[in-house]
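Before any comments, here is the structure.
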2 protein chains.
Amino acid sequence: MEHYPNGKKVVIVGGGFGGLSVARALNGLPIEITVVDRQNHHCFQPLLYQVATAVVSPADIAWPIRGILRSQRNVRVLMTEVTGVDVAAKIVRTDSVSLPYDYLVLATGATHSYFGHDEWAEYAPGLKTISNATEIRSRLLLAFEHAELVSDEAKRRALLTFVIVGGGPTGVEMAGAIAEVALHALPNDFCEIDPRSARILLIEAGPRLLPSFPEKLSDYAKDTLEKKGVTVMTSSRVTDCDAHGVTVDGQRIEASTIIWGAGVIASPAAEWIGAPHDPAGRVKVTPDLSVPGHQEIFAIGDTAAINDRKGQPVPGIAPAAKQMGYYVGKLIAGELNGKPHPAPFVYHHQGDLATIGTHSAVVKLNLDHLTLKGFIGWLFWSVAHIYFLIGIRNRFVVAISWLNQVFTSHRGARIIALPDHVQNAKHADDIAK
Amino acid sequence: MEHYPNGKKVVIVGGGFGGLSVARALNGLPIEITVVDRQNHHCFQPLLYQVATAVVSPADIAWPIRGILRSQRNVRVLMTEVTGVDVAAKIVRTDSVSLPYDYLVLATGATHSYFGHDEWAEYAPGLKTISNATEIRSRLLLAFEHAELVSDEAKRRALLTFVIVGGGPTGVEMAGAIAEVALHALPNDFCEIDPRSARILLIEAGPRLLPSFPEKLSDYAKDTLEKKGVTVMTSSRVTDCDAHGVTVDGQRIEASTIIWGAGVIASPAAEWIGAPHDPAGRVKVTPDLSVPGHQEIFAIGDTAAINDRKGQPVPGIAPAAKQMGYYVGKLIAGELNGKPHPAPFVYHHQGDLATIGTHSAVVKLNLDHLTLKGFIGWLFWSVAHIYFLIGIRNRFVVAISWLNQVFTSHRGARIIALPDHVQNAKHADDIAK
């Protein structure tokens with residue numbers, strides 16, 4: 001980073017879609033920008049479910065934040081965990097350094113909410129990070145491996161039962177992808193079990209899947225999943241969850257693999273700054289995305305609670321985070337250049353996309369009220385996602401992995417990574433005696 | 001698997017190069033083969049150092065064993081851990097099932113030896129498995145991340161000091177690859193530190209690097225590494241090792257990253273069957289690779305101790321394991337077909353290869369006593385390794401990753417995967433209060 005001793009200091013917490021957009025909008029200004037993230041990488045969350053279902057590798061959809069911002073000379077990147085903010089002294093505290101700021105942008109994202117049952121997290125991981133995805137991949141593949149080994153019929157049935165909680169895009173995509181693993185990728189690989197006998201249950205508390213989509217696309221998604229063998233349970237509520245299964249409206253379902261895609265809760269950013277927040281923990285921002293009483297602090301993306309022009313909450317999706325990031329970046333740049341305060345932030349909803357397995361997707365574009373479904377929807381979805389990936393290598397690798405999967409049903413990344421060097425060391429110890 | 005109720009039962013423990021060769025040599029026979037491995041994947045160990053240095057992803061060099069053997073109808077694959085062998089009852093015991101056998105092949109590989117100091121394993125991981133490689137990748141990348149954050153000069157120097165113990169192919173390849181990460185991949189990504197100031201020390205107890213190669217290639221490797229900035233310390237012995245550094249011949253070196261490539265110790269297979277073994281734990285096999293006193297049990301690859309025609313130990317490399325596997329498979333097939341016992345196993349050494357960074361390698365081919373070095377050696381090495389990879393997708397992806405690295409110096413897989421869902425759950429718990 002070039003140093004600008006008299007330049008204003010901007011601290012951006014979070015290297016997701018929102019945080020990166022702020023940094024880019026401030027490119028070229030004589031200021032000192034610090035991007036802080038507890039991970040070293042930006043993760044393309046819309047494709048996490050493909051890591052979880054063994055289509056692509058983590059590195060195909062994640063890039064070091066330093067690499068992405070390498071050419072922007074007024075930025076430095078720090079990998080460290082923020083522990084709090086001193087709003088009076090204007091200092092961000094981390095577990096390593098303290099970072100003074102003139103402007104602070106909180107773009108810290110969200111994690112899963114277990115509706116007051118956080119003990120369920122251990123049994124039903126969500127899908128927000130690379131580690132989540134490789135953990136789910138291991139559980140999924142191990143369930144089939146262990147089913148091959150047991151002879152007890154009830155145990156085998158529980159091992160081959162996969163419960164996905166939440167019928168939003170994540171749940172629909174996971175259910176479709178797991179169905180294809182069971183139906184197409186694995187059947188010829190096992191002897192004792194037939195992977196096609198796997199039960200895949202998608203449980204949604206509301207009356208229909210994909211509530212943000214038009215109703216006919218919800219119906220289409222349900223039909224398509226059911227044709228793939230998924231049992232779709234709408235208006236069904238999970239009331240208990242443990243290591244061996246779930247209880248749905250009082251009915252017990254034994255299942256060794258449970259995946260959580262239901263609720264969302266924001267990061268603790270609101271607590272750091274003592275700001276008012278909604279029940280999901282999102283900072284209630286003012287129309288210019290600043291925090292009430294702190295014109296120098298902004299919250300964006302999943303960290304912010306704000307409504308669109310129709311009075312609907314702005315959704316927690318990548319395009320919303322990017323638009324907010326760009327708005328705040330331009331606002332700060334304008335202030336530094338003495339320009340007048342901009343008009344309030346307006347969210348432009350471009351559409352909704354969700355895949356239902358390899359050859360089908362539902363797409364609703366706001367532009368001209370266009371809806372696409374089936375194979376055409378899937379083609380649109382594929383091109384859009386390849387386009388938004390970062391880097392030539394990743395676009396190539398993901399495209400090859402998808403072609404490989406479409407034409408051969410093979411999954412290229414069926415790796416269960418067990419921690420083993422401790423085990424090895426223990427053995428070496430034994431044999432040395 | 002097709003069932004052959006009257007067919008002989010062959011149990012192969014280990015899905016590495018040796019075990020897979022046995023299975024393939026028995027293709028088409030009316031017998032029941034079980035391949036047991038505690039991992040679900042076969043790993044192409046010669047490229048593990050490229051996972052550890054962020055060039056390729058784990059799934060690019062590892063494949064599910066079930067997938068590899070999918071089309072062989074007389075094989076089933078079980079993912080489970082072998083706990084012992086009842087040689088009298090002819091049963092392999094695992095932590096899930098018991099496997100009766102008529103023939104048993106032990107192809108269980110080796111791990112690192114810490115020369116009686118197994119407590120060092122925690123501080124200095126070796127490079128034998130996918131988990132080892134991702135662990136080393138995390139340590140390597142985190143060292144630079146943490147160095148960027150500290151202000152204490154001594155701490156920063158320790159964080160930017162990388163010690164590799166052992167001057168065989170693994171040590172040489174790791175030292176060369178880490179030097180390129182520091183010199184080419186990272187310099188533009190950091191502000192507070194200059195990655196080029198990293199110290200990379202390669203420590204070898206013997207008088208020269210790559211002792212299995214001709215002396216002039218050892219010299220060439222040393223020169224090439226030194227030009228890349230690696231400090232090569234031959235005739236130097238590590239006498240202590242802890243979380244903060246090593247002691248070499250009484251001299252303390254502070255280093256936060258230590259990688260072990262020194263000794264090798266076989267799996268506990270010799271203990272399972274109560275067979276005589278050498279100090280490295282390898283079963284002392286007879287000339288037909290069977291275990292003394294048990295003509296139905298064979299040990300191959302890194303599990304076997306046997307000499308070649310010159311009286312030299314057969315080396316623990318992939319071609320040796322493949323040759324032994326093929327020999328044992330054909331021996332068993334011949335016995336089942338009533339053919340006479342074959343001539344003793346003869347090892348054919350094809351040569352030695354080791355890379356020293358992206359554009360250089362040393363190659364010694366036994367065929368016509370040819371030696372190659374430098375860029376020509378590296379081209380030969382690249383083509384040979386792409387050829388031996390399994391699957392079209394993997395060949396494509398690895399080739400693209402190498403081209404990407406050669407032309408841009410970028411590393412495509414710079415991901416530090418921190419376990420974080422527990423952390424997230426804890427936070428969700430906090431905010432819910």
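Normalised by residue number, the volume inside the convex hull of the Cα atoms of segment A:104-182 is 128 Å³ per residue. Partner shielding of A:62-68 amounts to 6, given as the average count of beta-carbon atoms from other chains within 10 Å of each residue beta-carbon. Here segment A:33-82 yields Rg over Rh of 1.07, to two decimals, using C-alpha coordinates and the Kirkwood radius.
Label-point spacing for A:Glu81 across the identical copies (point 7 Å from Cα in the Cβ direction), in nm and ascending order: 2.8.
Computing Rg and the Kirkwood Rh from the Cα coordinates of segment A:171-266 gives a ratio, Rg/Rh, of 0.99. The share of Cα pairs per 5 Å bin across segment B:301-357, counted from zero up to the longest distance, runs 4, 17, 24, 21, 15, 11, 4, 2, 1, 1, 0 percent. In this structure the amide hydrogen of B:Thr34, modeled in the peptide plane, comes within under 5 Å of the amide hydrogens of B:Val10, B:Val11, B:Ile12, B:Arg76, none closer than 5 places in sequence on its chain.
Measuring from a point 7 Å out along Cα→Cβ, what nm distances, shortest first, does B:Ala154 have to its partners in the other copies? Shortest to longest, the spacings are 6.3 nm. Helix B:215-227 and the longest principal axis of the Cα set of chain B meet at an angle near 40°.
Put simply, the convex hull of the Cα atoms in chain B casts, on average, a shadow of 24.7 nm². Amide H contacts for B:Ile200 (H built 1.01 Å from N in the peptide plane; partners 5 or more residues away or on another chain; cut-off under 5 Å): B:Phe162, B:Thr231. Calculated [222 nm] ellipticity per residue, helices only, for chain A: -10000 deg cm²/dmol; basis is -39500 (n - 2.57) per DSSP H run with n ≥ 4, divided by all residues, nearest 500. Can you give the translational diffusion coefficient of segment A:204-254 in µm²/s, computed by Stokes-Einstein from the Kirkwood radius over Cα pairs at 4 °C and 1.567 mPa s? Rounded to a whole number, D works out at 108 µm²/s. Take every pair of alpha-carbon atoms less than 8 Å apart whose residues are at least six positions apart; their mean separation over the length of chain B yields a relative contact order of 18 percent. Computed from the Cβ-Cβ distance with R0 of 35 Å, the FRET efficiency linking B:Ser235 to B:Asn188 stands at 0.40. Computed from the C-alpha gyration tensor, the three semi-axes of the ellipsoid equivalent to the protein assembly as shown are 48, 36, 22 Å, from longest to shortest. The Cβ shell under 11 Å around B:Gly109 holds other residues with a net charge of +1, Lys and Arg each +1, Asp and Glu each -1. Listed by chain and number, the lysines placed with their C-alpha closer than 22 angstrom to that of A:Lys9 are A:Lys90, A:Lys322, A:Lys330, A:Lys339; residues fewer than eight positions away on the same chain are left out. Taking the longest Cα principal axis of chain A as reference, the axis of helix A:392-408 is set at about 20 degrees. Taking other C-beta atoms within 10 angstrom as a stand-in for reagent exposure, B:Met174, A:Met233 fall in the order A:Met233, B:Met174, fewest first.
Partner lysines whose Cα lies under 20 Å from the Cα of B:Lys227, excluding those fewer than 8 positions away in the same chain, are identified as B:Lys216, B:Lys373.
Compute the distance from the alpha-carbon center of segment B:115-153 to that of segment A:68-102, in whole Å. First find each Cα centre; the distance between them is then 26 Å. Summarising the rotation from chain A to chain B, the nearest chain A beta-carbon to the axis and its distance in Å are given as A:Ser57, 2.
In terms of overall dimensions, segment A:89-239 has a Cα radius of gyration and Dmax of 19.7, 66 angstrom. Taking the number of Cβ atoms within 10 Å of each Cβ as an exposure proxy, the fewest-first ranking of B:Ile300, A:Ile33, A:Ile317 is A:Ile317, A:Ile33, B:Ile300.
Computed over Cα pairs, the Kirkwood radius of segment A:312-393 leads via Stokes-Einstein (1.002 mPa s, 20 °C) to a diffusion coefficient of 142 µm² per second.
Divided by 2.2 N^0.38 Å, where N counts the residues, the Cα radius of gyration of segment A:1-143 comes to 1.20. Helix B:374-388 and the long axis of chain B differ in direction by around 40°, with both axes built from C-alpha atoms. The fewest-to-most ranking of B:Asp102, B:Asp60 by surrounding Cβ atoms within 10 Å reads B:Asp102, B:Asp60. Scale the Cα Rg of segment A:133-172 by the rule-of-thumb value 2.2 N^0.38 Å and send over the ratio, two decimals. Taking the Cα Rg and dividing by 2.2 N^0.38 Å, one obtains 1.35. Grouping the Cα pair distances of segment B:241-324 into 5 Å bins from zero gives a pair-distance distribution of 3, 13, 20, 18, 11, 8, 9, 9, 6, 3, 0 percent in increasing distance order. One way to sum up the overall shape of segment A:68-127 is the equivalent ellipsoid from its Cα gyration tensor, whose semi-axes run 30, 17, 11 Å, largest first.
Compared with the direct C-alpha span, the chain from A:Phe115 to A:Asp86 gains 7.4 nm at full extension, assuming 0.36 nm per residue. Each copy carries a label point for B:Asp308 at 7 Å from Cα toward Cβ; from one copy, the others' points are 7.0 nm away, ordered from shortest.
Using Cα positions and a limit of under 18 Å, work out the aspartates and glutamates in reach of B:Lys155, with same-chain residues fewer than 8 apart set aside. In chain and number order, the partners are A:Asp95, B:Glu145, B:Glu192, B:Asp194, B:Asp242, B:Glu254.
Computed from the coordinates by the stated procedures, all read-outs in this text should not be read as laboratory data. All of these numbers come straight from a predicted model, not from anything done at the bench. Every residue, glycine as well, gets a Cβ built from its backbone with ideal geometry; the counts of neighbours run over all protein chains shown.
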